[in-house]
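> Would you mind keeping the following structure in view while I ask a few things?
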Amino acid sequence: MIDRALSVIDINGVTQLKKRTITVPAQTAIERQQFYRDHIRQCQDRYRTETGFARRYFIETYGCQLNENDSEYLSGLLDDMGYVPAESTREADLIILNTCSIREHAASRLFGNLGHLKPLRRERPDLVIAVCGCMMKRDEYVDRIDRSFSFVDIVFGPQDIYRLPEFLYGRLIDERRIYAVGDEDVIVEGLPIHRVRRFRALVSIMFGCNNFCTYCVVPYTRGRERSRRPAEILDEIRQLAEQGYQEIMLLGQNVNSYGHDLPDDESGPRNFAQLLAAVAEIGDFSRVRFMTSHPKDLSDELIAVMSRHPVIEQHVHLALQSGSNTVLKRMNRRYTREQFFEIVRKLRAAVPGLSISTDLIVGFPGETEEEFADTLDLMRQIRFDSAFTFQFSPRDGTPAASMDDQIAPEIIADRFRRLTDLQNEHSLSSNQATIGRSFEVLIEGRSSGDAEVLSGRTRCNRLVNLRVPDSMRLPDDCYDDNGQLRGDKLEGRLAQVKMTEAKTFSLIGELEKLLP
């Protein structure tokens, strides 16, 4: 233990010191943060004793599964410090907005929501508001918050999540606005976690990205690639197996590059194919999934692992982005349309029934009608089962934002319509091919739109809304006192479902039986 001043970093990078000295541990990052966690928990315990209430938190998450996983760690830290979840922002004593900077609409959504929080903060001056995540690595967003949303108390980046106890301590005890967006690319193990789903566990195996696609901000916001030690990953997954999770999702910006930065003396799996095989062999899971794969790094070894292990989901998300070699080169994707097609051919030959989803960008700078036609042509050859389609939007700080020959919005809109029409045709056709067949479905709970409908996914990641036929009676604990299905009781159960109707983005099915 040493005496040192608690410091925070403002938006100009200037270190500001507290006026008084406190005692903090001098060992690991976890031990230092434990100091702050313990003190906040003591304050929370006193508050609960004096008032009979616990302070509550609400986290709004934007973006991908990696952000979802980050929010689970934020929740775990807050649970550990004595906070309890709130149902809405109005009920919360602490609100955290966990941001994503990949798409322009995410920024609009964030600042719109901050605007809605302003009157709430005016009503309750003691409400603490924090903004974190990828957007906070962008100076222009931090400056805008400082300029226009001065009621935001805490700002920090995705690499700083483990420091949340320190930031809260500074805000609650020292009543200081804290802007602490760090650049240190560290991996901190051992954080508490509050998993949102009871059937699926998100497991980040690496962080950051080294690819520098010319349209993408991830390397600038998430930092360079850092792989977790395989022993830490496998220990976490064994614990999840013991806790009864049915599905594991391994996460990374590019899982296929896992392991390249591990030290030479690291034991255990050395690359993603070996890690995936080790996870599949742990057993006790119904499914093992992974997101996301970069085509340039998807190896024959990985395809062989997927072929050998039935527990690995029969689905791959493989981002094409463009079917034109010249556009791919301007994007710095480092593969060709021919190489992409060959990867798809190998995957489908090795894993029968495999579904393939993709990402597609329309209107990249300089894209000609002929180059766009190359994308449509490759789509017709491959026939993706589903796709996330995007109109190009320039992101400040990326090379594509300053490229010549930006495409006119009306041309982008026309091409986007033609691309989505084609993909919707392929998606519907893919779903129609399942009609009359039975599939194993992992039930994810009750449908949000209909209390009598359950929602789940097949092994090849098709979304299914299913009904229980009137002639079938499930165990009594699957119904509430009013006789309605209890989605929470069925969440995580496997079922055999017959597909009865196809839609573009989902299937409708009928439950045949629950599986053991």
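> Applying the selection to the range 242-257, what residues are in a loop (DSSP other than H, G, I, E, B) and within 17 Å of the chain's Cα centre (by Cα)?
Correct list: G252, Q253, N254.
> Here are the criteria: (1) modelled with pLDDT under 95; (2) touching a helix residue (DSSP H, G or I) at 6+ places or on another chain (Cβ under 8 Å); (3) among the hydrophobic types (A, V, I, L, M, F, W, C); (4) farther than 24 Å from C134 by Cα. Tell me which single one L275 does not satisfy.
Every listed condition holds for L275 apart from (1).
> Now for a separate question. Go through the residues of the range 53-63 one by one and say whether even a single one is modelled with pLDDT of 70 or more, surrounded by fewer than 17 Cβ atoms within 10 Å (Cβ to Cβ), over 21 Å from R195 (Cα atoms) and not small (G, A, S).
Looking for residues that are modelled with pLDDT of 70 or more, surrounded by fewer than 17 Cβ atoms within 10 Å (Cβ to Cβ), over 21 Å from R195 (Cα atoms) and not small (G, A, S), one finds at least one in the range 53-63, hence yes.
> Oh, and also: I need a count of the residues in the range 374-422 that are in a helix (DSSP H, G or I) and farther than 23 Å from R138 by Cα.
Total meeting the criteria: 23.
> Being within 23 Å of L320 (Cα to Cα) and over 20 Å from the mean Cα position of the chain (by Cα) is true for just one of D235, D297. Which residue is that?
Going through D235, D297 in turn, just one is within 23 Å of L320 (Cα to Cα) and over 20 Å from the mean Cα position of the chain (by Cα): D297.
> Condition check: over 19 Å from P85 (Cβ atoms) and either part of a strand (DSSP E or B) or touching a residue at least 40 places away in the same chain (Cβ under 8 Å) (or both). Does R197 satisfy that?
no
> Quick one: S148 ticks every box in (1) in contact (Cβ under 8 Å) with a residue 40 or more places away in the chain; (2) of a type in the set (S, T, Y); (3) surrounded by fewer than 18 Cβ atoms within 10 Å (Cβ to Cβ) except a single one, so which number is it?
Tallying (1) in contact (Cβ under 8 Å) with a residue 40 or more places away in the chain; (2) of a type in the set (S, T, Y); (3) surrounded by fewer than 18 Cβ atoms within 10 Å (Cβ to Cβ), S148 fails exactly one: (1).
> Can we say Y215 is within 30 Å of E140 (Cα to Cα), in contact (Cβ under 8 Å) with a residue 60 or more places away in the chain and part of a helix (DSSP H, G or I)?
For Y215, the condition - within 30 Å of E140 (Cα to Cα), in contact (Cβ under 8 Å) with a residue 60 or more places away in the chain and part of a helix (DSSP H, G or I) - is not met.
> Next question, about the same structure. Looking at the structure I just gave you, is R330 crowded, with 16+ Cβ neighbours inside 10 Å, in contact with a strand residue (DSSP E or B) (Cβ under 8 Å, 6 or more places away or on another chain) and either in the same structural domain as L240 (by TED's automatic domain parsing) or not in a loop (DSSP other than H, G, I, E, B) (or both)?
no
> Please pick out the residue among D414, D377 that is under 20 Å from E342 (Cβ atoms), surrounded by fewer than 18 Cβ atoms within 10 Å (Cβ to Cβ) and not assigned by TED's automatic domain parsing to the domain that holds P295.
The conditions single out D377.
> Follow-up question, since we're still on this one. Only one of (1) more than 29 Å from Q406 (Cβ to Cβ); (2) touching a residue at least 12 places away in the same chain (Cβ under 8 Å); (3) outside any loop (DSSP other than H, G, I, E, B); (4) not basic (K, R) is not met by H317, so which one is it?
(1)
> What residue, among those in the range 273-284 that are crowded, with 20+ Cβ neighbours inside 10 Å and touching a residue at least 40 places away in the same chain (Cβ under 8 Å), is nearest to Q339 (Cα to Cα)?
Among those that are crowded, with 20+ Cβ neighbours inside 10 Å and touching a residue at least 40 places away in the same chain (Cβ under 8 Å), it is L275.
> Here is a follow-up. What are the residue pairs meeting all of these: first residue in the range 468-486, first residue assigned by TED's automatic domain parsing to the domain that holds M499 and at negative phi, second residue surrounded by fewer than 15 Cβ atoms within 10 Å (Cβ to Cβ) and part of a helix (DSSP H, G or I), Cβ atoms under 9 Å, and 6 or more apart or on different chains?
What qualifies is R486/D477.
> Within 26 Å of the chain's Cα centre (by Cα), of a type in the set (G, A, S) and in a helix (DSSP H, G or I) - does that describe any residue in the range 478-494?
yes
> Return the residues of the range 95-127 that are crowded, with 18+ Cβ neighbours inside 10 Å and either touching a residue at least 60 places away in the same chain (Cβ under 8 Å) or touching a Lys or Arg at 6+ places or on another chain (Cβ under 6 Å) (or both); say none if nothing qualifies.
Those that are crowded, with 18+ Cβ neighbours inside 10 Å and either touching a residue at least 60 places away in the same chain (Cβ under 8 Å) or touching a Lys or Arg at 6+ places or on another chain (Cβ under 6 Å) (or both): S101, I102, L127.
The values are calculated or read from the model by the stated rules, or taken from the named source; none is laboratory data. Being a predicted model, the structure only gives us computed values, none of them experimental. Here Cβ is always computed from backbone atoms with ideal geometry, including for glycine, and neighbour counts include all displayed protein chains.
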